[in-house]
Amino acid sequence: MNNMEWTLDRSEVLRYMGYSGETDAHIVQTAQDAMDRLTAIAQPRYHYVKLPLDAMTLPGEDICRHLADCDSMVLLCATLGAAVDREIRLAERTSMLTALALDAAAGDGIEKVCDRAEAEIRAREAEHGRFVTGRYSPGYGDLPLTVQRELIRLCDATRRIGLSLTQTNILIPRKSVTAILGVSDAPVEGKRRGCVSCRLRGTCPFRKRGITCGS
């Protein structure tokens, strides 16, 4: 995490894999092995920049509600690095279970990178008596993925952390995140992330099992 130690949560990794409660010992060991491997090869990095609200065009009503009462915003980019993508692709050739475990470990990992970055942003703003919303990413609600290109440019994320986009606005490396946080002089929550605003709600494997990715 920008040269920081990190710890993955095995219960979260197993949940991402689709397992809960009593779990087969082989599954648990596969998850642990994936966590160990991910920790060894990942290069978690993040970069953010604070800008006025008019620094980029943000189409859609949801992001407007998220930034309501804010006078500036922080653009955040985070990634686990290209080695994680390569490891998952290699595992897919020999063991889909191993690939699933690696993907789940990476999912937990990138969330922890973003949580660390958000905590740092909040601490810096708190020093000046300022408040910060939660993260809101392109693809949530009616905020299109196309805004990622300008977000990455403004963050200088390609040079800073090696983050780029495909022609269809998919992040490369895949285990990466872009997000927007609002900054205000008063306590502010922004628009809460959840199933209603997620574009994957119709096909989400978590919802099919009666849970959510955040619970």
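Which is farthest toward the positive dipole end of the chain among Thr39, Ala123, Gly18, measuring Cα position about the Cα centre, with Cβ charges +1 (Lys, Arg) and -1 (Asp, Glu)? With unit charges placed on the Cβ atoms, the residue in question is Gly18.
For the range 21-71, the convex hull drawn through the C-alpha positions has a volume of 175 cubic angstrom per residue. Each Lys and Arg adds +1 at its Cβ and each Asp and Glu adds -1 at its Cβ; summed about the Cα centre, the chain shows a dipole of about 500 debye. Magnitude of the charge dipole for the range 1-89, about its Cα centre and with charges confined to Cβ atoms of Lys, Arg (+1) and Asp, Glu (-1), is about 300 debye.
Rolled with a 1.4 Å probe across the full set of protein chains, the surface gives His128 an accessible area near 140 Å². The share of accessible area on the chain that comes from carbon and sulfur is 50 percent, using a 1.4 angstrom probe. Put Cys77, Cys64 in order of accessible area, highest first, and with a 1.4 Å probe you get Cys64, Cys77. Pairs of Cα atoms in the chain fall into 10 Å distance bins, from 0 up to the last occupied one, in shares of 8, 31, 37, 19, 5, 0 percent. Note on the chain: dipole from Cβ charges, positive end direction compared against Ile170, Leu143, Val188; the farthest Cα belongs to Ile170. Compute the distance from the alpha-carbon center of the range 113-128 to that of the range 1-62, in whole Å. If we compute the Cα centre of each part, the gap is 18 Å. With respect to the chain, whose longest principal axis is taken over its alpha-carbon atoms, helix 96-126 is tilted by about 30°. Taking the longest Cα principal axis of the chain as reference, the axis of helix 82-92 is set at about 40 degrees. Per-residue accessible area (protein heavy atoms, 1.4 Å probe) orders Glu150, Glu92 as Glu92, Glu150, starting from the largest. The long axis of helix 25-41 is offset from the longest Cα principal axis of the chain by roughly 50 degrees. Where is the GNM fluctuation largest for the chain (alpha-carbon springs, 10 angstrom cutoff): Arg86, Arg116, Arg160? Judging by the Gaussian network model, the answer is Arg86. The C-alpha atoms of the range 52-128 occupy a region whose extents along the principal axes are 51, 31, 17 Å, arranged from largest to smallest.
The values are calculated or read from the model by the stated rules, or taken from the named source; none is laboratory data. Since the model is a prediction, treat every value here as computed from it, not as a measurement. In this analysis, Cβ positions are derived from the backbone assuming ideal geometry, glycine residues included, and neighbour counts consider all displayed protein chains. Just so you know, the surface numbers come from the protein's heavy atoms only, side chains and all, with ligands and any DNA or RNA stripped out. Shrake-Rupley method; radii C 1.70, N 1.55, O 1.52, S 1.80 Å.
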